[in-house]
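K.L.:
Structure below; questions to follow.
The values are calculated or read from the model by the stated rules, or taken from the named source; none is laboratory data. The structure presented is a predicted model; accordingly, all values stated were derived computationally and were not measured. Reconstructed Cβ throughout: ideal geometry from the backbone, glycine too, with neighbour counts over all protein chains shown. When the accessible area is computed, the model is the full protein with side chains, heavy atoms only, and any ligands, DNA or RNA have been set aside. Shrake-Rupley method; radii C 1.70, N 1.55, O 1.52, S 1.80 Å.
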Amino acid sequence: MGRVKLDAVDRKILSCLQSEGRITNVDLSEKVGITAPPCLRRVRALEDENFIKGYHADLDQEALGYSLTVFAMVGLHSQAEADLQAFEEKVQEWPMVRECFMLNGEIDFILKIVAEDLAAFQQFLTGELTPAPNVASVKTSLTIRTSKHKPGIPLPEVK
């Protein structure tokens with residue numbers, strides 16, 4: 001589409017969709033102050049330009065039986081690019097790993113892992129993560145509670 005710079009209407013659209021992804025186009029157009037057809041064109045353009053990467057339901061992990069969230073700090077034996085990529089590819093195979101970030105510093109990666117319980121996590125830790133190729137160390141921290149869960153990015157309010 002060629003539009004790279006976001007205007008105030010685009011930012012309002014992104015903000016609304018980020019907080020309420022199931023909003024109808026008619027309701028969205030009313031909230032952002034334009035008619036429905038150009039609103040839909042803008043949403044499609046934002047999707048085409050990858051400002052919107054997808055739409056997802058925010059599931060309640062505990063209600064679905066995943067009562068444990070663990071952060072695992074992983075150190076690798078080698079930080080050669082091929083080895084880093086190989087680890088990232090391996091992580092894609094593990095459904096319990098919900099997020100993976102490569103870090104700068106003493107730890108190479110931090111993983112966010114969800115599990116049904118401690119036994120399921122321990123089986124993953126000892127059977128999959130620790131023996132994975134190139135893994136030198138794993139340090140874990142079990143979460144006690146979540147005090148903030150806000151997916152997405154902070155978008156300034158546009159009036």
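K.L.:
With θ set to phi - 60° and the Karplus curve 6.51 cos²θ - 1.76 cosθ + 1.60, what are the ³J(HN,Hα) couplings of the range 27-37 in order, to the nearest whole Hz, using x for Gly and Pro?
P.N.:
Along the range 27-37, the couplings run 5, 4, 4, 5, 5, 9, x, 9, 6, 4, x Hz.
K.L.:
Just flag the GluC sites (Glu not before Pro) in the range 107-159 sitting in loop per DSSP whose Cβ has no more than 10 other Cβ atoms within 10 Å.
P.N.:
Working: sites: Glu116, Glu128, Glu157; in loops: Glu116, Glu157.
Hits after loop and neighbour filter: Glu157.
K.L.:
Just to verify a number: what accessible area does Arg11 come out at with the full protein assembly present, 1.4 Å probe, Å² rounded to tens?
P.N.:
Counting only protein heavy atoms, the figure is 90 Å².
K.L.:
Need the full-extension length gain, Phe71 to Glu20, defined as separation in residues times 0.36 nm minus the C-alpha distance. One decimal, nm. Don't skip to the end; give the middle numbers.
P.N.:
Numbers: separation 51, 0.36 × 51 = 18.36 nm, distance 2.80 nm.
Full extension of this stretch gives 15.6 nm more.
K.L.:
Where does the charge balance sit around Tyr66 when Lys and Arg score +1, Asp and Glu -1, over other residues with C-beta under 11 Å from its C-beta?
P.N.:
Details: positive: Arg98; negative: Asp60, Glu62, Glu116, Asp117.
Charge balance near Tyr66 sits at -3.
K.L.:
Out of Asp117, Asp60, Asp48, any idea which swings most in a Gaussian network model of the chain, alpha carbons joined below 10 Å?
P.N.:
Result: Asp48 has the largest fluctuation of those listed.
K.L.:
Something else about it: Could you go through the range 65-81 in sequence order and give the Karplus-derived ³J(HN,Hα) for each residue, using 6.51 cos²θ - 1.76 cosθ + 1.60 with θ = phi - 60°, rounded to whole Hz, and x for Gly and Pro?
P.N.:
x, 9, 8, 10, 10, 10, 9, 10, 9, 10, x, 9, 5, 10, 10, 4, 3
K.L.:
Which ³J(HN,Hα) values in Hz, rounded to whole numbers, follow from the phi angles of the range 87-92 under the Karplus curve 6.51 cos²θ - 1.76 cosθ + 1.60, where θ = phi - 60° and Gly and Pro get x?
P.N.:
5, 4, 5, 4, 4, 4
K.L.:
In addition: Can you tell me how much longer the chain between Ser78 and Glu99 gets when fully stretched, taken as 0.36 nm per residue apart minus their C-alpha distance, in nm with one decimal?
P.N.:
Numbers: separation 21, 0.36 × 21 = 7.56 nm, distance 2.13 nm.
Here the answer is 5.4 nm.
K.L.:
Now a separate question. I'd like the FRET efficiency for Leu40 and Glu88, computed as 1/(1 + (r/R0)^6) with the beta carbon distance as r and R0 of 25 Å, rounded to 0.05.
P.N.:
Values: r = 36 Å, r/R0 = 1.44.
The calculated FRET efficiency here is 0.10.
K.L.:
Exceeding 20 Å between C-alpha atoms, which entries from my cross-link table qualify? They are Lys90/Lys150; Lys90/Lys139; Lys112/Lys148; Lys12/Lys112; Lys5/Lys148.
P.N.:
Where the Cα-Cα span goes over 20 Å, the pairs concerned are Lys90/Lys150; Lys12/Lys112; Lys5/Lys148.
K.L.:
For the chain, restrict the atom set to alpha-carbon positions and state the Rg and Dmax in Å.
P.N.:
Here Rg and the maximum Cα pair distance are 20.2, 57 Å.
K.L.:
For Tyr55, what is the net charge nearby, where nearby means another residue's Cβ is under 14 Å from its Cβ and Lys, Arg count +1, Asp, Glu -1? Before the final figure, lay out each step's value.
P.N.:
Working: positive: Arg22, Arg44, Lys53; negative: Glu20, Glu47, Asp58.
That sum, taken over residues with Cβ under 14 Å, equals 0.
K.L.:
Mind listing P(r) for the range 118-159? All alpha-carbon pairs, 5 Å bins, whole percents.
P.N.:
Using 5 Å bins, I get a P(r) of 5, 14, 17, 14, 11, 13, 11, 5, 5, 4, 1 for the range 118-159.
K.L.:
Relative to the longest principal axis of the C-alpha atoms of the chain, give the angle of the C-alpha long axis of helix 8-19, reported between 0 and 90° and rounded to the nearest 10°.
P.N.:
In the chain, helix 8-19 runs at an angle near 50 degrees to the longest axis.
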